[in-house]
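A.B. asks: Below are the structure tokens for one structure; questions will follow.
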Amino acid sequence: MSREKFVERVLFLLALSSLSSLLLITVFIFLEGMPLIIETGLGNFLASSHWAPTKGHFGILAMIISSVLVTLGAMVLGVPLGLACALVLAEFSPPRLKMVLKPTLELLAGIPSVVYGFLGVLWLVPLIRDYLGGPGLSLLAAALILGIMILPTVISISIDALDAVPGPYRDGSIALGATQWQTVRRVVLPAASSGIITAVILAMGRAIGETMAVIMVAGNALKIPTSILDPVRTLTSNIALELGYASGRHREALFATGIVLFVIIMLLNLAATLLTRRK
Amino acid sequence: MEYLSGTGRLKTRCVQAWGLHPRLMVFLPVLALLCGLVMLPAAGCGREASQQPPLCVAGSTSVQPFAEKLAEVYMHHFPHLRIDVQGGGSSAGIYATRQGAADLGASSRELVAAEKDLVEIPIAWDGIAVIVHAANPLTNLSLDDLRAIFAGKITDWRQLGQRPHAIHLITREEGSGTRNAFEELVMGKVEITPAALVQDSNGSVREIVANDPNALGYISVGLVDRRVKALSIDGVSPTREHLRQHSYKLVRRFLLVSRLPPRGPVKEFVDFVLSAKGQSLLEQEGLVGIAE
């Protein structure tokens, strides 16, 4: 076997091993969680909000709703901010400023989520409690913290998308007499839209999957929230919160929660992949 | 000794600290989930090849600080033996003991029927204190009112004769030994309202109550400090005297469990815990000794 072939084989094996870990995870989660879903009935599991696993009630509706609301809240805050930031850095700032600012913003991604949660508990939660009411630990607190946490994802992928728009597009538009803002809005943004949508979807995946910071600031109550000041429990926090004490059916129910989360995140990723491929 | 204080917090540490590329982050929850759940049945201590295998105590996070203290003092007196203390929860500790992954399980709840084949060694009584913010004027609560509050029937301090404001109720997560004991002692068949905030440790319940004038929660009496106020229940305050006489109603046992009647080093440690010295250590930490 030639050296070339050998290296190729080894790399192929390594690639397979990373894929197989994904496969193993999938099989494992489904094996552990499916029996409970089948026993409870998918309808009961998804459409009931009565969660008392040690007493035989396994309904995760409240958590699904909370996960969706927290994620939406984070998007409402994070996407416009992140996109504006990306536009400034990619289109309106001198290259040297961008060289400094972009890596700095990406540092945000390196801050461990427990630190975000800690800051949230220490000053965001008391602020909300004192000025807006409620216990402070709330949907709003979780959405605000997550909104900041997804910024690096939105910014760096959006910048990549904006940078990928060929320069002649801009030159052409300017040459036709458009202002810089008109160029960005009518030419650059539409050309970069699929990349920006990918950024948004990946950020959504990040937000829905975040656990530690959310446990710390969301209050984890099991009720379906009726106000943004209500405490909520997301799917991820449910798993992490009860993991340590769960055994038997309770443990299966947490795996089943994991299945739902897994499916949601896979769908988001699939959507991101399809959207980027279309163009 | 340093090694010991580290092991207790190991679990918390594993949860933190990753700074990966954002694209990878999407897969992390799934990975984290897997790692976490794989860790669960493996609760217990790793066995390394050393001259003397360490003694492993795993279980309830309520018992953990006390077990750590006992182990620390014990190892100081008998340096030949190493004792690892781990958290993980009562159920996980009992499971690990049954599987042989831990020598002793620590439980803050009574064993259920299916676990009765294990040897149970009661080591102390612990009270559950109902706590409010230090500035809250309330000092006493009837057991019925307490039940009504946690059932979601009383939701405002006004109903208790206080300044009108919503009660911010805090409970522990499903499966916690403290919650389990609270449900048995206070709630009976009634379920705790889903509107209650849920925190996963005594410490974080105390932290919230210490900072929120309208909060009400429950923690182990041994962990009450100056920043929160423990209420009297039916006129009886959770003092050591009242816990000892069981006139304070919210009292539970801390147990050590083992698969077989303890022998050798395990027995030596258990004997130490039950000795006058061990019991007085537990008393110093705020529990009530079982011996009396």
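A.B. asks: How big is the C-alpha Rg of the range B:143-209 next to the rule-of-thumb value 2.2 N^0.38 Å, as a ratio?
C.D. replies: Values: Rg = 12.0 Å, N = 67, 2.2 N^0.38 = 10.9 Å.
Here the Cα radius of gyration is 1.10 times the empirical estimate.
A.B. asks: In addition: Compute the projected area of the convex hull of the Cα atoms of the protein assembly as shown, averaged over all viewing directions, and report it in nm² to one decimal place. Write out the running numbers ahead of the final one.
C.D. replies: Working: hull surface 133.0 nm².
Result: 33.2 nm².
A.B. asks: I've got another one for you. Please compute P(r) over all alpha-carbon pairs of the range A:87-152, binned at 5 Å starting from zero, and give each bin as a whole-number percent.
C.D. replies: That works out to 4, 16, 21, 16, 13, 11, 11, 6, 2, 0, in percent per bin.
A.B. asks: Is the range B:115-255 rounded, prolate or oblate when judged by the Cα gyration tensor, a ≥ b ≥ c being the square roots of its eigenvalues, rounded requiring a/c under 1.5 and prolate requiring a/b larger than b/c? Don't skip to the answer; put the middle values down first.
C.D. replies: On the way: a/c = 1.67, a/b = 1.46, b/c = 1.15.
Taking the square roots of the gyration eigenvalues as a ≥ b ≥ c, the range B:115-255 is prolate.
A.B. asks: First measure r as the distance between the Cβ atoms of B:Lys267 and B:Asp225, then evaluate 1/(1 + (r/R0)^6) with R0 = 35 Å and state the FRET efficiency to the nearest 0.05.
C.D. replies: Working: r = 35 Å, r/R0 = 1.00.
Efficiency for this residue pair is about 0.50.
A.B. asks: May I ask which of B:Lys69/B:Lys277; B:Lys229/B:Lys249; B:Lys189/B:Lys249; B:Lys189/B:Lys229 have a Cα-Cα span longer than 20 Å here?
C.D. replies: Values: B:Lys69/B:Lys277 12 Å; B:Lys229/B:Lys249 17 Å; B:Lys189/B:Lys249 17 Å; B:Lys189/B:Lys229 28 Å.
The pairs that break the limit, which is 20 Å between Cα atoms, are B:Lys189/B:Lys229.
A.B. asks: Please provide three numbers in whole Å: the alpha-carbon extents of the range B:103-142 along the principal axes, with the largest listed first.
C.D. replies: Each principal axis gives a Cα extent; for the range B:103-142 these are 47, 21, 13 Å.
A.B. asks: What number, in nm² with one decimal, is the all-direction average of the projected area of the convex hull of the alpha-carbon atoms of the range A:194-267? List each step's numbers first, then the result.
C.D. replies: On the way: hull surface 23.9 nm².
The orientation-averaged projected area of the Cα hull of the range A:194-267 comes to 6.0 nm².
A.B. asks: Still on this structure: Once you charge only the Cβ atoms, +1 for Lys and Arg and -1 for Asp and Glu, what is the size of the charge dipole of the range A:60-278 about its Cα centre, to the nearest 20 debye? Please list the in-between numbers first.
C.D. replies: Numbers: 14 positive and 10 negative charges, 50 e Å.
Result for the range A:60-278 is approximately 240 debye, rounded to the nearest 20.
A.B. asks: For a quick check: with amide H placed at 1.01 Å from N, whose amide H comes under 5 Å from B:Ile83's, ignoring anything fewer than 5 positions away on the same chain?
C.D. replies: Result for B:Ile83 returns B:Leu55.
A.B. asks: Along each principal axis of its Cα atoms, how long is chain A end to end? Whole angstroms, biggest number first, please.
C.D. replies: 70, 70, 32
A.B. asks: Hydropathy at least -1.0 by Kyte-Doolittle, axial extent at least 20 angstrom from the Cα trace: which helices of chain A, defined as entire DSSP H runs, fit? It would help to have the intermediate numbers written out before the result.
C.D. replies: Numbers: long enough: A:3-40 (56 Å, 1.32); A:61-87 (38 Å, 2.25); A:189-209 (29 Å, 1.48); A:249-278 (43 Å, 1.08).
The answer, listed by residue number, is A:3-40, A:61-87, A:189-209, A:249-278.
A.B. asks: For the range B:177-204, state which residues have at least 30 Å² less accessible area in the presence of all protein chains than in their chain by itself, taking the probe as 1.4 Å and leaving out ligands, DNA and RNA.
C.D. replies: At a threshold of 30 Å² (probe 1.4 Å), the residues of the range B:177-204 that become less exposed are B:Glu191, B:Pro194, B:Ala195, B:Leu197, B:Val198, B:Gln199, B:Asp200.
A.B. asks: Wrap a convex hull around the Cα atoms of the range A:61-114, take a quarter of its surface area, and give that in square nanometres. Don't jump to the answer; show the numbers that get you there.
C.D. replies: Numbers: hull surface 18.6 nm².
Its Cα hull, projected and averaged over all orientations, spans 4.7 nm².
A.B. asks: So which of A:Lys102/A:Lys223; A:Lys5/A:Lys102; A:Lys55/B:Lys116 end up more than 31 Å apart by C-alpha? Kindly include the intermediate steps, with their values, before the conclusion.
C.D. replies: Values: A:Lys102/A:Lys223 40 Å; A:Lys5/A:Lys102 40 Å; A:Lys55/B:Lys116 20 Å.
Result: A:Lys102/A:Lys223; A:Lys5/A:Lys102 exceed 31 Å.
A.B. asks: Using a Debye calculation, one point per C-alpha and no hydration shell, please list log10 I(q)/I(0) for the range A:95-199 at q = 0.10, 0.11, 0.14 Å⁻¹ in order.
C.D. replies: Rounded to two decimals, the profile gives -0.46, -0.53, -0.72.
The values are calculated or read from the model by the stated rules, or taken from the named source; none is laboratory data. Note that this is a predicted model, so its numbers are computed, not measured. Note that we place each Cβ from the backbone using ideal geometry, even for glycine, and neighbour counts take in every protein chain shown. Calculation scope for accessible area: heavy atoms of the full protein, side chains included, ligands and nucleic acids excluded. Shrake-Rupley method; radii C 1.70, N 1.55, O 1.52, S 1.80 Å.
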